[in-house]
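Okay, structure first, notes after.
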Amino acid sequence: MSTTLPIHFAPLQGYTDAAYRRAHARIFGGIETYYSTFVRVEHGEIRRKDMRDIKPENNQELHLIPQLIVPNADKAEQVMSLFIENEYREVDINLGCPFPMLAKRHNGAGMLPYPKEVKVLLNDVVKKYPDMQFSVKLRLGWEQTEECLALLPLLNELPLSHVILHPRLGKQQYKGEVDLKGFQAFYEWCEKPLFYNGDLHTVEDIRDIAGQFPKLAGIVIGRGLLANPDLAGEYQRGEALSSDEMMEKVKRLHAEVYRSYEEQLQGGDIQLLTKMKSFWEYLLPEGDRKAKKAIHKVTKLTNYQVAVSSLFASR
């Protein structure tokens, strides 16, 4: 079998928190690095749930790189202080988030049309913390694919551990096709280890991208791993789990995540139910549609457990 690329797990707000990461690493594995959902300053403070999510004690037995999203160096310093306090030595800088509420304030992909602002931010942050290893995640641009190319001289010059590129525009969010020609243009001139991220749902998808871009240093997957938590393992082994093995692991994943939320959440049954409904949003897309619809509609935990049992029984 040909050499496999390392697989990194992209963060998705509301889905890949510490409870999910711990359970996934223990039950499925195959991931070299997990990224935290981005930590940001909101109304002058960092949200408590973001602080809790990156605590080392909540991320044992896995390699976590925390991610920050900020529009300027002052806010970056606030977030970096939290990371240093928690003894992190690697940080991912988010220039890829497409959510309009953040982008319009020059956060994430919303910063890409402003290369001078990006240059000031990256130079200030990377040079201020020489003992840190920084990576950057970005998109092709917000409006134009050339926006990422304008940043390449800066990215090549900075001492970055790697760059992650999602080949869509920010304004697309997650709609439409990925732009592999746009990725190719960046790939040809990028001097840093480059990771591909975007629309990888099967082992064949991963192999196709690896074949098309042989100098890639790795692969970053988000929604594809939420749908098939064994995608990285299947890619590395060269074969899928049997249906029974997969279902057994999914049951364990569900039980562990449920238990973690039950211990963590203080908002009663409704809060726990809301979190567990999101657990199923991407998972097992080929699962029984009637059972999945029932999970989405339930309003009581007892009914939720019945619906989940029905889904497992349908496999």
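Restricting to region 59-81, name every residue that is in contact with a strand residue (DSSP E or B) (Cβ under 8 Å, 6 or more places away or on another chain) and either modelled with pLDDT under 95 or within 14 Å of Val125 (Cβ to Cβ) (or both).
The answer is Pro66, Gln67, Leu68, Ile69, Val70, Lys75, Ala76, Gln78, Val79, Met80.
Please go through region 251-265 and pick out each residue that is without any contact (Cβ under 8 Å) to a residue 40 or more places away in the chain and of a type in the set (Phe, Trp, Tyr). Steps first, answer last, please.
To start, the set of residues in region 251-265 that are without any contact (Cβ under 8 Å) to a residue 40 or more places away in the chain comprises 255, 258-259, 262-263, 265.
Tyr258, the sole residue that qualifies.
Please enumerate the residues belonging to region 193-230 that are among the aliphatic types (A, V, I, L, M), free of Cβ contacts under 8 Å to residues at least 40 places away in the same chain, touching a helix residue (DSSP H, G or I) at 6+ places or on another chain (Cβ under 8 Å) and farther than 16 Å from Ile31 by Cβ.
Here is the first cut: in region 193-230, the residues among the aliphatic types (A, V, I, L, M) are 194, 200, 203, 206, 209-210, 216-217, 219-221, 225-227.
Within this subset, residues satisfying the condition of being free of Cβ contacts under 8 Å to residues at least 40 places away in the same chain are 194, 200, 203, 209.
The next check asks that each one be touching a helix residue (DSSP H, G or I) at 6+ places or on another chain (Cβ under 8 Å); those that pass are 194, 200, 203.
Matches in region 193-230: Leu194 only.
Can Lys292 be described as open to solvent by less than 70 Å² (accessible area, probe 1.4 Å) and part of a helix (DSSP H, G or I)?
Numbers: open to solvent by less than 70 Å² (accessible area, probe 1.4 Å): yes; part of a helix (DSSP H, G or I): yes.
When the stated conditions are applied, Lys292 passes them.
So which pairs qualify, if the first residue must be in region 266-288 and among the small types (Gly, Ala, Ser), the second must be outside any loop (DSSP other than H, G, I, E, B), the Cβ gap must be under 6 Å, and the two must be at least 6 apart or on different chains?
Gly287/Leu311
Assuming Tyr187 fulfils every condition listed in (1) in a helix (DSSP H, G or I); (2) open to solvent by 30 Å² or more (accessible area, probe 1.4 Å); (3) of a type in the set (Ser, Thr, Tyr) apart from one, which condition is it?
Only one criterion is unmet by Tyr187, namely (2).
Name the single residue, out of those in region 22-48 being more than 20 Å from Thr202 (Cα to Cα), part of a helix (DSSP H, G or I) and in contact (Cβ under 8 Å) with a residue 24 or more places away in the chain, that is most open to solvent (accessible area, probe 1.4 Å).
Taking region 22-48 and keeping what is more than 20 Å from Thr202 (Cα to Cα), we get 22-23, 26, 35-48.
Filter again for part of a helix (DSSP H, G or I), leaving 22-23, 26, 48.
Next, from what is left, pick out any that are in contact (Cβ under 8 Å) with a residue 24 or more places away in the chain: 22-23, 26.
Details: Arg22: 52, Ala23: 0, Arg26: 126 Å².
Checked region 22-48; the qualifying residue most open to solvent (accessible area, probe 1.4 Å) is Arg26.
Considering only residues that are open to solvent by 50 Å² or more (accessible area, probe 1.4 Å) and among the hydrophobic types (A, V, I, L, M, F, W, C), look in region 49-102 and name the one that is farthest from the chain's Cα centre (by Cα). Don't jump to the end; show me each part of the working.
To start, the set of residues in region 49-102 that are open to solvent by 50 Å² or more (accessible area, probe 1.4 Å) comprises 49, 51-52, 55-57, 60-61, 63, 72, 74-75, 77-78, 81, 84-85, 87, 89-90, 99-101.
Within this subset, residues satisfying the condition of being among the hydrophobic types (A, V, I, L, M, F, W, C) are 51, 84, 99, 101.
Working: Met51: 17, Ile84: 21, Phe99: 14, Met101: 19 Å.
Among residues in region 49-102 that are open to solvent by 50 Å² or more (accessible area, probe 1.4 Å) and among the hydrophobic types (A, V, I, L, M, F, W, C), the one farthest from the chain's Cα centre (by Cα) is Ile84.
For region 234-266, which residues satisfy the criterion of being part of a helix (DSSP H, G or I) and of a type in the set (S, T, N, Q)?
Looking only at region 234-266, we keep the residues that are part of a helix (DSSP H, G or I), and these are 234-237, 243-264.
Scanning region 234-266 gives Gln236, Ser243, Ser260, Gln264.
The values are calculated or read from the model by the stated rules, or taken from the named source; none is laboratory data. Owing to the predicted nature of the structure, the values given are computational and were not obtained by experimental measurement. All Cβ positions, even for glycine, are placed from backbone atoms using ideal geometry, and neighbour counts span all protein chains on display. Heavy atoms of the whole protein, side chains included, go into the accessibility calculation; ligands, DNA and RNA do not. Shrake-Rupley method; radii C 1.70, N 1.55, O 1.52, S 1.80 Å.
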